[in-house]
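Pasting a structure below so you can have a look.
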Amino acid sequence: MNGQYAALIIALPLVSAFFVPVIKAISKKAVMPFLLLVTLAQVGIAGWVFNEVYTSDKPIIVMAGGWRPPVGINLYIGHFAALFVLIIAVISFFMAYFSIKAVKVEPLDKYAMLFLLLMLGATGMIATGDIFNLFVFMEITAITAYALTAYNKTGEAAEASMKYMILGGIGSSFFLIGIALIYGATGTLNMAQIAQLAGNINPTVAQVGLALLIFGLAVEAELFPLNAWAPDAYQAAPHPITVMFSAFVVKAGLYAAARLLYLMQAVSTWHSVLRLLVIMAVLTVVVAEFSALRQRDVKRMIAYSSISQVGMIAFALALGSQAGVDAGVFHMVNHAIVKALLFLGVGYVGIKLGGTTLEDFEGLGRRMPLTAFAITVGSLSAVGIPLFNIFWSKVRIMLAGVSAGYTWGVALILGASVVEAVYYLRLIHRIWFAGGGERLSESFALGAIMLFLVALILVIGFYPNYAWSLAQKAGADIFDVTRYVSNVPLMGVGA
Amino acid sequence: MINDLMILIFAPLVAGILAWAFDVRGIREAIGFIGAAIPVVILAKTYQTVLSNSINYTITVGGFKLIFQLTALNWYFAAVAAIVGIAMALGMISTSRSGYEWLFALMSYTGVLGVFLSQDFIGFFLLWELMTFASFMMVLRNNRHESLKYFVLSVIGAYAMMLGIAILYAKTGALDFATIRQALYMDLSIGAISKGESALLFVLFLTAFGVKAGAFPLHVWAPGAYSEANQSYTSFFSGALSKAGVYGILLLYILMGAKLYAEFGTFHGHLTFAYVIAWIGAITVVVASFLAVLQEDIRKLFAYSSVGQVGYILLAFGVGTSLGFAGGLFHVLSHAVFKGLFWLVTAAIILQTGKTKFKDMGGLAEKMPFTFAMGLIAVLSLSGIPPMAGFASKWLIYEAAIQAHMPLVAGAIFLGSGLAFAYVVRFLYAVWFGQRPSDLDNVKEAPLPLLIGMAILAIPNILFGVAPGLVTEYINKAFGSEIVGGDYFKLVTPTGTYNALLVTIVLVLGLAIAGLVFLYGATTRKIPVTNTYQSGNPVIEDYNLSIRRNFYKPLAEALDFWLKYSWDRFYERIAGIAEDFADTLRQSFYNGNVQSYSWYLAIVLLILALWGVL
Amino acid sequence: MIHISVYYFGAISLILIGLYAVLVKKNLLKMLIGLSIMETGVNLLLISVGYISGRSAPILSEGVGPNQAVDPIPQALVLTAIVIGVATTAMALSVAIILYEKYGTLNVEEIRRLRG
Amino acid sequence: MVSVLKRSLAIITLLIIGYWIAQAFAGVPFGQDKMLVGQYYLNNVKAQTGAVNAVTAVVVNYRGFDTLGEVTVLFIASTGVGALLWKRKKERTARTEGSIVLTTGTRYLFPFVLIFGAYIFIHGHLTPGGGFPGGATIATGFLLLYMAFIVYEIPHKGFEVAEGLVGMGYVIVGLIGLMIGGYFLFDWIWQTWQLGTNNIGRLLSGGFIPVIYTIIGLKVGTELSGIIDNMIKEEVRE
């Protein structure tokens, strides 16, 4: 099995998505188990790719159509992509099971198709090595996200989807203008070659092109003024989809922005773009935390908290130092686990008790102890309490932030995380020490998934060495552009 | 290779988790007690080795190298925490209701031990946050508002420290104390850290340690948190956890002392930055003692008194001379011991009577004689009456303050001790003597484990009172120089000596004579409780002062000009403003209209456009 | 003033007109029309980047050699971009149908249940 | 009053943004030969892919991965529209039959429209246009039927399954390339089997381009008609 079979991470979800209508024709009930099976197979392949990349310590370059880049499109599955494709697969597998319980709205076969294609889009965005291909996968993710946000067909869901669509539409159009500029100047679409040529192209074109590319991706990655659609989309989407949004869809956009940012280091005004991104990231953290303070709906509150933590990742990635990128990637991994657990718990409460307002969470400790325990661990970890996983990455980000000279930024973020501690601990008090009720039965399998995520949090919390080494390798994969360019087998192309 | 230090630090946490898991009445108490006892055993075992050299232990976690070290100095702090810890465990055996409390009590115990032993900032910060979180969870169970106030203040402190650590890391590139100390020392010549930055660092670390020690402007969380938590845990909470703050101040001296001296020089002959700490300590002593006197609830009274006493230690360290440090360290031990004893006594009273207000209590001496005796020892020690440890440490602090020519600060100490005596006497009379309300007639003595806990804390009070040389001799070894002279029973300082043995003998003789006179000479008559105060003149209804109800009402009226300004309300208002600001920000920004959202995008594009042109 | 070719000028003004419609028009359908105008503008821009004056379409039949053809890549990209535009518009219209069903209006000012 | 202020503010903002982008595009001179990878394609398209239409070769062969994504995007659109406008029972509510010209015209023209659509995508590698325009033409044929007759509706169950199967066909073609040529979406007909290498410019050439374009044509045709079908029908109120 040579490296090219890694293309299966894209081909498998696609072929199974196309296969779903055939299965529906055979038997309607078989659709969801089929979805479960496919996501399990995806976990298998992603695991194989992860093992392959991390043992051989060399990225897998999948060359579509047999053409060497820049003639053909190549998938660059480096340390970061291998790690994150595995995270996407595992979380999608859990959410596939959760969807069987959580999604009752009718056309389930179409839900399964959209679910698979959302996973495909995020995987594609992370794996691709070509900016136009990145645009296509970004659109796949975006359009599936529009459809899935409006999937419940309630007024709110349609409204949230409409907002996401219009902002996403503007963002992707400007992203395309950016591609037109970069292509006009360099003549190629392959990322590695752009990195080589970025130094000696017309500086204004490069600066405006980079700014537009980052702007387009920033709408997807929920940076401050552009994330107005995010809380509505998280709240209105079906519960499993919210988990996927916060766990990896946002991160795919953020990773793509970081990758493009570091590829075009040679652009003359690179540092001013970085400084702008840092300012936007810090604002994201502060505004999102303050907006979460007096939320009546817990799901929207955790959506704001997720946005603020993504802002923290963006802050770390935009620092422009190797330590910053490593810290950002480590926080991405931790945040994916914690937010998956939190939204899973809140979603499960939403299904069982019919709503996710603060009143529903009163005395949850007695009514659904396992879910309450999961949510408590998730919240404590999100706040950054030691012996949980986010503590380590938060410390890393703070250290990297001040060493990169943004002391004011770190101070603001720390102030915002005090606010975060307040609303999470109010939630914990409401869950355990207020109100009561009789005990409800909780599904065994979902409990198992929650306990697995809790165990993961505690393991990384108590012994973060392995997770940190993964994050360092993945961080180096993004930051070290010369190694990236040398890994890609560029053909000598030119007039 | 799990060596002693790892067992010492993490034994309580493991025991706590086990106790929380096996939530059965008998088992969890036993596990909890063992968890609290292990550190005492290990500390005793390592006493000999610590005096000569230090035990080290390093592990790399998440890319950080955590260094733990047991030297003479932090052995002393750990021992103080261990004594109060074992007493708390015994107290908790009778007062704790669930495994939840055992888990978080022992987790904070691990946090404190870890803070004392860690030699690098990441380990220090990790265990500091763990200690804060665990103590917060103890209070969260009973009262959300107080616990949130406590947590917000301590998290602000912790994050201030985090910022300080990050700045130090950015400047020196290192995280462990030894390298930072070396780098800061070398920095005197290089000057990489400017005056402003070192001032910022000093303020950040001062806030962090000030919050935990309950220094003046940041003390507002103490009354609420101390009175809401499970009483026997509060003995540890105020006895040992506040010492972490004080240890931090000591750390500040060790790490940045030379740098701060170089930057800020001296003021009237005292180190400027130390003078600031001294004055913070002095104000804390005065303010907290005044507030303690006016309290009607037994828990609030002891909470404020605990804040005041820690003020003494801050003040002692603020004096800056080696004698000041010796006095401060001795007071660390004596405060932990007598304050822990007070809280165990309160726990016993509340456990047996269920009352917390002075006006509902009285005449408990007959019913709970052993607890009364313990309370008496604590009273003597706190107010600094000779045979007790409290006197020895306060005496050293006085000596240090006088020697360092700080008259105003010394004045604050005297005022503080006077007020301390005032509220302690009130506690003595209101709770133990006078008429017993009818509903307290069938009150029994406190359960056995609580009594043993109290005894454990009472013995050091007396032992180190009569023979203070034991402690000062250890402190001399810890500092490596002869600070306080004299043998086991006599303390010799440049300006005076204190012969503890002589004083104790004289006191015992005096008591014996008084006992004889009482038994044979004087006749006693029953006196109604109300007229002990007015000495004869009539009692009018609205000004009905008795030992138990608004005993110090006139003082309150005299002070009402100052009482208007309460830092507590000030912080509440800030929190309110912050939340309203959050609300308006959210309403205005996320106003739901997709057109304004598209405008935000257009504005960002505009900024990018203008950014490009500029 | 900077000198740009009239094709760029036309394409960029189309984009601006589209964005203007999104920013100012109240009715949702007009916003969506504005969005598709913007997408058309972007496609035009992409095509005009690839044009080489004096050369013909990149179909290499007898008369047209490799040096007489225009750059084929932007045309391939636009083929994809157009279909993406179609897909987004189709999705937007179906959401608009639901919105009209549930809210009874398409005025963007009134569709504001999710806020704060 | 407010709207005038808002409009003028919008115009000013857009002008500044427009100036900024125009300033950037000034750096990309219009009409000059700035090709890099494009030139390689023009030089080698005939030899490497056998297609005469370089754009089709780029779309299907060189950058085939984009088009795979492209087909997925359209598939998502039709699934999404299907999911969002899903009703338990739907039916057509048109009341007026098309005019005589429309109905007879459709009855005669429909087959030719389909044939013309097929012609477009089969000759994708020779003449301009390809799978997408071909598919769109087929969809217009079905649109004609919808407009002409009030009772006609496409067998959407069948169309959905056809859509799925054809989509799978595309990926399987790619996977066969992976098996035979070792690369996903590898043009094994042209590269390994060397079929049609001698008659470039005539129908039977261009490697697997005609195969893929037929797949895309059918897929786009069924999908767009599916979208039309979903949008036209209304819910049946019991």
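What does the charge count around B:Gly486 come to, taking other residues whose C-beta lies under 14 Å from its C-beta (Lys +1, Arg +1, Asp -1, Glu -1)? Mind dumping the intermediate values first?
On the way: positive: B:Lys490; negative: B:Glu399, B:Glu473, B:Glu482, B:Asp487.
My count for the surroundings of B:Gly486 gives -3.
From Cα coordinates alone, what are the radius of gyration and Dmax values for the protein assembly as shown in angstrom?
37.9, 138
Given the C-alpha centroids of region B:39-62 and region D:38-109, what is the distance between them in whole angstrom?
Value for the Cα centre distance between the two parts: 75 Å.
Out of all DSSP beta bridges in the protein assembly as shown, what portion is antiparallel? Express it as a percent rounded to 5.
95
In addition: From the square roots a ≥ b ≥ c of the eigenvalues of the alpha-carbon gyration tensor of region D:102-219, which class results: rounded (a/c under 1.5), prolate (a/b over b/c), or oblate? Don't skip to the end; give the middle numbers.
Details: a/c = 4.23, a/b = 1.80, b/c = 2.35.
Verdict is oblate for region D:102-219.
Ignoring everything except DSSP H segments at least 4 long, calculate the 222 nm mean residue ellipticity for chain A; use -39,500 (n - 2.57) per segment, divide by total residues, nearest 500.
Working: 21 runs with 370 residues, N = 495.
Computed ellipticity for chain A at 222 nm equals -25000 deg cm²/dmol.
Could you check the simple spin-label distance between B:Ile607 and D:Thr104, using points 7 Å along Cα→Cβ, in nm with one decimal?
Here the modelled spin labels are 6.7 nm apart.
Now for a separate question. Quick one: of A:Lys104/A:Lys339; A:Lys394/A:Lys473; A:Lys251/D:Lys89; A:Lys352/D:Lys90; B:Lys243/B:Lys359; A:Lys110/D:Lys6, which pairs are farther than 30 Å apart, Cα to Cα?
A:Lys251/D:Lys89; A:Lys352/D:Lys90; B:Lys243/B:Lys359; A:Lys110/D:Lys6
Of D:Thr79, B:Thr207, B:Gly91, which is farthest towards the positive pole of the protein assembly as shown's charge dipole, taken about the Cα centre with +1 and -1 on the beta-carbons of Lys, Arg and Asp, Glu respectively?
B:Gly91
Using Cβ contacts closer than 10 Å as the measure, can you line up D:Lys6, D:Lys89, A:Lys24, C:Lys102 from fewest to most?
Values: D:Lys6 14, D:Lys89 9, A:Lys24 23, C:Lys102 17.
The most exposed by this proxy come first: D:Lys89, D:Lys6, C:Lys102, A:Lys24.
Label points 7 Å out from Cα along the Cβ direction at B:Leu516 and A:Arg294: separation in nm?
That separation, rounded to one decimal, is 7.5 nm.
Would you work out the relative contact order for chain A, in percent, from Cα pairs under 8 angstrom that are 6 or more residues apart? List each step's numbers first, then the result.
On the way: 814 pairs, mean separation 76.3, N = 495.
Rounded, it is 15 percent for chain A.
Summarise the partner chain shielding of A:203-213 as one whole number: the mean count of Cβ atoms from other chains within 10 Å of each residue's Cβ.
Numbers: counts 1, 8, 6, 2, 5, 9, 3, 0, 9, 5, 0.
If you average over the peptide's residues, the count of other-chain Cβ atoms is 4.
Enumerate the amide H contacts of B:Phe68 below 5 Å, restricted to partners 5 or more residues apart or on another chain; note that Pro and chain-start residues carry no placed amide H.
The list, which skips near neighbours in sequence, is B:Tyr57, B:Thr58, B:Ile59, B:Gln119.
If you don't mind, there's one more thing I want to ask. Order by neighbour count: D:Arg95, A:Arg367, fewest other Cβ atoms within 10 Å first, most last. Walk me through the intermediate numbers first.
Working: D:Arg95 6, A:Arg367 22.
Going from sparsest to densest Cβ surroundings: D:Arg95, A:Arg367.
Please find, in a Gaussian network model of chain C (springs between Cα atoms separated by less than 10 Å), the residue of C:Tyr20, C:Tyr51, C:Tyr103 whose mean-square fluctuation is greatest.
Among C:Tyr20, C:Tyr51, C:Tyr103, the largest mean-square fluctuation in the Gaussian network model of chain C belongs to C:Tyr103.
Near B:Gly327, within a Cβ-to-Cβ distance under 9 Å, what is the net charge of the other residues, with Lys and Arg +1 and Asp and Glu -1?
Value of the local net charge: 0.
Tell me, what is the percent relative contact order of region A:35-101, built from C-alpha pairs under 8 Å that lie six or more residues apart?
Values: 65 pairs, mean separation 27.6, N = 67.
Taking the mean separation of contacting Cα pairs over the length of region A:35-101, I get 41 percent.
Spelling out what I want: for every residue of region A:353-359, take phi, set θ = phi - 60°, compute 6.51 cos²θ - 1.76 cosθ + 1.60 (Karplus), and round to whole Hz; glycine and proline get x.
Whole-Hz 3J(HN,Hα) from phi for region A:353-359: 9, x, x, 10, 7, 4, 5.
To continue, here is another question. Kindly put A:Glu420, A:Glu106 in sequence by how many other C-beta atoms sit within 10 Å of each C-beta, fewest to most.
A:Glu106, A:Glu420
For chain B, with the dipole built from +1 on Lys and Arg beta-carbon atoms and -1 on Asp and Glu ones, taken about the Cα centre, which of B:Leu450, B:Leu260, B:Val41 lies farthest toward the positive end?
After comparing all options, I get B:Leu450.
Given Cβ point charges of +1 (Lys, Arg) and -1 (Asp, Glu) and nothing else, what value in debye, to the nearest 20, does the dipole of region D:1-159 about its Cα centre take? List each step's numbers first, then the result.
Values: 13 positive and 6 negative charges, 121 e Å.
Value, rounded to 20: 580 debye.
List the aspartates and glutamates whose Cα sits under 19 Å from the Cα of B:Lys339, skipping any in the same chain fewer than 8 residues away.
B:Glu228, B:Glu296, B:Asp297
Here's something else I'd like to know. If you average the sequence gap of Cα pairs under 8 Å that are 6 or more apart and divide by the length of chain B, what percent do you get for the contact order? Please report the intermediate quantities before stating the final value.
Working: 946 pairs, mean separation 72.7, N = 614.
Dividing the mean separation by the residue count of chain B yields 12 percent.
Here are some pairs, B:Lys65/B:Lys149; B:Lys212/B:Lys355; A:Lys28/D:Lys157; C:Lys30/D:Lys87; which of them have Cα atoms lying more than 23 Å apart in this structure?
On the way: B:Lys65/B:Lys149 33 Å; B:Lys212/B:Lys355 29 Å; A:Lys28/D:Lys157 13 Å; C:Lys30/D:Lys87 27 Å.
Beyond 23 Å between Cα atoms: B:Lys65/B:Lys149; B:Lys212/B:Lys355; C:Lys30/D:Lys87.
Additional query: If amide hydrogens are placed 1.01 Å from N in the peptide plane, which non-local residues have theirs closer than 5 Å to the one on B:Gly363?
Excluding prolines and chain starts, which carry no amide H, the hits are B:Trp432, B:Phe433, B:Gly434.
Starting from the 7 Å offset along Cα-to-Cβ, what nm value, one decimal, do you get for the label separation of D:Tyr119 and D:Ile232?
2.5
Can you compute 3J(HN,Hα) from phi for each residue in region A:204-212, using the Karplus curve 6.51 cos²θ - 1.76 cosθ + 1.60 with θ = phi - 60°, rounded to whole Hz and x for Gly and Pro?
5, 4, 5, 5, 5, x, 4, 4, 5
Also, I was wondering about something else. How large is ³J(HN,Hα), in whole Hz, for each residue of region A:5-17 in order, when computed from phi with the Karplus curve 6.51 cos²θ - 1.76 cosθ + 1.60 and θ = phi - 60°, using x for Gly and Pro?
Each residue's phi maps through the Karplus curve to give 5, 4, 4, 5, 4, 8, 5, 4, x, 5, 5, 6, 5 Hz.
All of the numbers you see were taken from the coordinates with simple rules; none came from a lab. All values reported here derive from a predicted model rather than from experimental measurement. All Cβ positions, glycine included, derive from the backbone under ideal geometry; neighbour counts span all protein chains shown.
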